[in-house]
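In what follows, a structure is listed as structure tokens, so that the remarks can point back to it.
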Amino acid sequence: SQKIEQNSEALNIQEGKTATLTCNYTNYSPAYLQWYRQDPGRGPVFLLLIRENEKEKRKERLKVTFDTTLKQSLFHITASQPADSATYLCALSTGNNRKLIWGLGTSLAVNP
Amino acid sequence: DAMVIQNPRYQVTQFGKPVTLSCSQTLNHNVMYWYQQKSSQAPKLLFHYYDKDFNNEADTPDNFQSRRPNTSFCFLDIRSPGLGDAAMYLCATSNWGLGDEKLFFGSGTQLSVL
């Protein structure tokens, strides 16, 4: 069955640096992959979606890449700020159903 | 401008006492999901409705039931909560089939079982 692995260790970076989070998947390539932000005690918030035929997507300071050969997506936050501190979840879909497969998430702390 | 609203925000119930969590949406989305999330774990899909069509997950215990009386509302019923059911319950919606597959989540209901 399809599985997702995200950085298991929490990521600590200095304000202003670029944070890079990894999402690896096994088996077949998903139709698309999504990234969400989750703050403690809150529901996830959608950030970006990238499809299997796309290499890169950008939104303001956020960038997502998708490498179907490596079976990997990278999520970048440039010029990071303390307000970016949260858990970031990766989720993928095969496209033929309405369900997402979720990673455990990576905790990001941006230090001032 | 909350689009997916969950009530209550916090719910405390007693072991074995039925509890109902509610979710409403103003997005007119055709799919509504219920997820269970425990600390440091991924959201776990319990079931979802596609319009009126109920889709249960194979590993969702019978203790968990759901109702969707109309497009806007969906309820999660836990018939006999156990200590292991203490978790965050998340409702989400999506507009399936229209090229917009992202999920919109509510703020969640944190359930405690005493």
Here the residues within the stretch B:62-78 that are assigned to a loop (DSSP other than H, G, I, E, B) and surrounded by 13 or more Cβ atoms within 10 Å (Cβ to Cβ) are B:63, B:68, B:71, B:72
Residue list for the stretch A:65-105, filter: among the aromatic types (Phe, Trp, Tyr) and touching an Asp or Glu at 6+ places or on another chain (Cβ under 9 Å): A:66
Limited to the stretch A:43-62, what total is found for residues that are part of a loop (DSSP other than H, G, I, E, B) and at the interface with chain B (Cβ under 10 Å from one of its Cβ atoms)? 2
Only one of these conditions is not met by residue A:1: (1) of a type in the set (Gly, Ala, Ser); (2) farther than 30 Å from residue B:6 by Cα; (3) facing chain B (nearest Cβ under 10 Å). Which number is it? (3)
Which ones in the stretch A:1-35 are assigned to a strand (DSSP E or B), open to solvent by 20 Å² or more (accessible area, probe 1.4 Å) and more than 19 Å from residue A:98 (Cα to Cα)? A:5, A:6, A:11, A:12, A:13, A:14, A:20, A:22, A:24
For the stretch A:63-112, name all the residues that are at positive phi, within 11 Å of chain B (Cβ to nearest Cβ) and open to solvent by 40 Å² or more (accessible area, probe 1.4 Å). none
Only one of (1) in a strand (DSSP E or B); (2) buried (at least 19 other Cβ atoms within 10 Å of the Cβ) fails for residue B:42. Which number is that? (1)
Taking the conditions exactly as written (under 15 Å from the mean Cα position of the chain (by Cα), under 30 Å from residue B:32 (Cβ atoms) and within 10 Å of chain B (Cβ to nearest Cβ)), does residue A:37 satisfy them or not? no
Tell me, which residue of the stretch B:79-107 that is open to solvent by less than 10 Å² (accessible area, probe 1.4 Å) and more than 9 Å from every other protein chain (Cβ to nearest Cβ) is nearest to the chain's Cα centre (by Cα)? B:89
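The values are calculated or read from the model by the stated rules, or taken from the named source; none is laboratory data. Remember, predicted model here, so these are calculated numbers, not experimental data. Glycine gets a Cβ as well: all are built from the backbone with ideal geometry, and neighbour counts include every protein chain shown. To get the accessible areas, we keep the full protein, side chains included, count just its heavy atoms, and leave off ligands, DNA and RNA. Shrake-Rupley method; radii C 1.70, N 1.55, O 1.52, S 1.80 Å.
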